[in-house]
Amino acid sequence: MIKKEIIVNGLKISYLISSDFNPNQAVVFLPGWKSPVDLFCSVMGKISNLLAINLPGWGGSEAPPEDWGLADYSKLVADFLNKLKIVNPIIIGHSVGGAVAVEYLSSGREAQKLILLGGAVIRERLGRSQKLFIGAKIFRILFPFINQKWRRRLAGKALSADYLEAGEMAGTYKKLISEDRQIAFFKLQLPIILIWGRDDVATPYRQAEKLKSLSYQAVLETIPDAGHYAFLDKPEEFKKIIAKYL
């Protein structure tokens with residue numbers, strides 16, 4: 001994967017792209033909240049035509065100048081893809097990246113198929129245990145050299161309510177977690193693959209079952225003993241599943 005930057009709507013956007021990228025066969029990955037695309041790309045390894053976009057505000061991309069919601073992120077993605085002349089891609093969205101993908105498609109834009117990885121389409125109140133779980137996972141991956149006790153402290157601080165309410169992205173975070181996209185998902189007319197960790201606590205497995213019930217075109221793939229970052233928890237199982245749809 002090659003790391004590049006591009007200016008879209010006045011913002012510097014960081015992204016990773018396959019060396020053999022073909023815009024007519026693009027596989028576009030949209031990450032979860034504050035999750036750098038390097039995590040997903042490290043699991044996928046060498047894959048053709050992958051474009052992984054660090055959304056504004058994380059992963060080296062500039063933060064938006066004001067509080068953004070799903071519609072703003074969706075437009076940024078659309079303008080980004082237009083710049084690279086990408087049409088009818090396969091879209092993969094993890095967590096809030098999945099919600100951005102649903103918003104993108106609900107605006108009449110086209111894609112071959114949608115793959116949601118623990119997609120945050122259904123919004124429920126996020127409990128403290130869920131915040132701590134996600135934080136611990138991120139810190140364990142990014143900072144393996146820090147012992148467990150300190151990882152837990154750092155993760156708890158990073159995703160505590162006080163922390164999330166502070167800083168330049170606090171308003172954006174609040175907007176994103178308040179936007180439910182079940183109705184938009186219900187209206188989508190394309191193949192949908194739901195890949196879910198059975199033990200996900202951030203977007204619980206019941207949400208995957210609910211989404212499957214909302215779309216006759218949806219297929220649900222379950223990864224046992226995996227959580228919200230199922231592609232990190234069970235990378236080999238994940239790659240076998242997603243390979244069937246790429």
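Values quoted throughout were computed directly from the atomic coordinates according to the rules given, and no laboratory measurement underlies them. It should be emphasised that the depicted structure is a prediction, and the values quoted were computed from it without experimental measurement. Glycine also receives a Cβ, built like all others from the backbone with ideal geometry; neighbour counts cover every protein chain displayed.
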- Query: Among the listed pairs Lys46/Lys75; Lys46/Lys234; Lys83/Lys174; Lys113/Lys212; Lys212/Lys244, which are separated by more than 26 Å between their Cα atoms?
  - Reply: Lys46/Lys75; Lys83/Lys174
- Query: Between Asp20 and Lys187, what length comes free when the chain is fully extended (0.36 nm per residue of separation minus the Cα-Cα distance, one decimal in nm)?
  - Reply: 56.7 nm
- Potential lengthening between Asp199 and Glu124 on full extension [0.36 nm per residue; Cα-Cα distance subtracted]: 25.4 nm
- Per 10 Å bin, what percent of the C-alpha pairs of region 1-116 does each bin hold, from zero upward? 15, 54, 30, 1
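Show me the ranking of peptides 201-208, 60-67 by mean Cβ neighbours inside 10 Å, starting with the highest. Walk me through the numbers on the way to the answer.
On the way: 201-208: 20.2, 60-67: 15.2.
Peptide ranking by packing, descending: 201-208, 60-67.
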- Query: What does the highest-first list of 95-103, 210-218, 36-44 look like by mean Cβ count within 10 Å?
  - Reply: 95-103, 36-44, 210-218
